[in-house]
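The values are calculated or read from the model by the stated rules, or taken from the named source; none is laboratory data. None of the values given here were measured: they were computed from a predicted structure. Backbone-built Cβ (ideal geometry, glycine too); neighbour counts: all protein chains shown.
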Amino acid sequence: MNVDQARAAILAAVPRSFERTAAAYIADRCFAPGDILSLDRQPFTVDREIHFGFIDLEAGRNWGHACKCVLCNCADDGIEIRPLSFPPELGGDRRLVVIVVGDDVPDWAILNG
């Protein structure tokens, strides 16, 4: 899937019940097999080329809370959604780019890459 399809898949993964409190992001570039990032404070090795999405379902809450990541395959239409409790650490110089921010998300809670 291309980046526009990945953005749409990430947006579709935001549950209606969290639309007002969620902030959704996409990594500024794809991850390749062998790249390592941190999901829920644990190392995660990418096994295929992916567009990486992150959804903070309760943006503005402190400590661990409902989040998820969306792994969108670049080679096909496959999508994997994983529940998280903490924001990811992308490693290197990658950053998260905002896709959408819910109406009830405070400005200070929006991640800056």
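Against the condition in contact with a strand residue (DSSP E or B) (Cβ under 7 Å, 6 or more places away or on another chain) and either modelled with pLDDT under 95 or surrounded by fewer than 17 Cβ atoms within 10 Å (Cβ to Cβ) (or both), how does residue 59 come out, does it pass?
yes
Under 9 Å between Cβ atoms, which residue pairs at least 6 apart in sequence (or on different chains) link something in the stretch 78-90 that is touching a residue at least 24 places away in the same chain (Cβ under 8 Å) with a partner that is polar (S, T, N, Q)?
Short answer, once both residue conditions are applied: 79/73; 86/38; 88/38; 89/38; 90/38.
Looking at the stretch 47-97, which of its residues are charged (D, E, K, R) and in a loop (DSSP other than H, G, I, E, B)?
Passing the criteria: 47, 48, 49, 58, 61, 76, 77, 93, 94, 95.
For residue 30, work out the one condition from (1) surrounded by 14 or more Cβ atoms within 10 Å (Cβ to Cβ); (2) closer than 19 Å to residue 4 by Cα; (3) out of contact with any His (no Cβ under 8 Å at 6 or more places or on another chain) it doesn't fulfil.
The single condition residue 30 does not satisfy is (3).
Looking at residue 66 and the list (1) among the hydrophobic types (A, V, I, L, M, F, W, C); (2) closer than 12 Å to residue 100 by Cα; (3) touching a residue at least 40 places away in the same chain (Cβ under 8 Å), which single condition is not satisfied?
(2)
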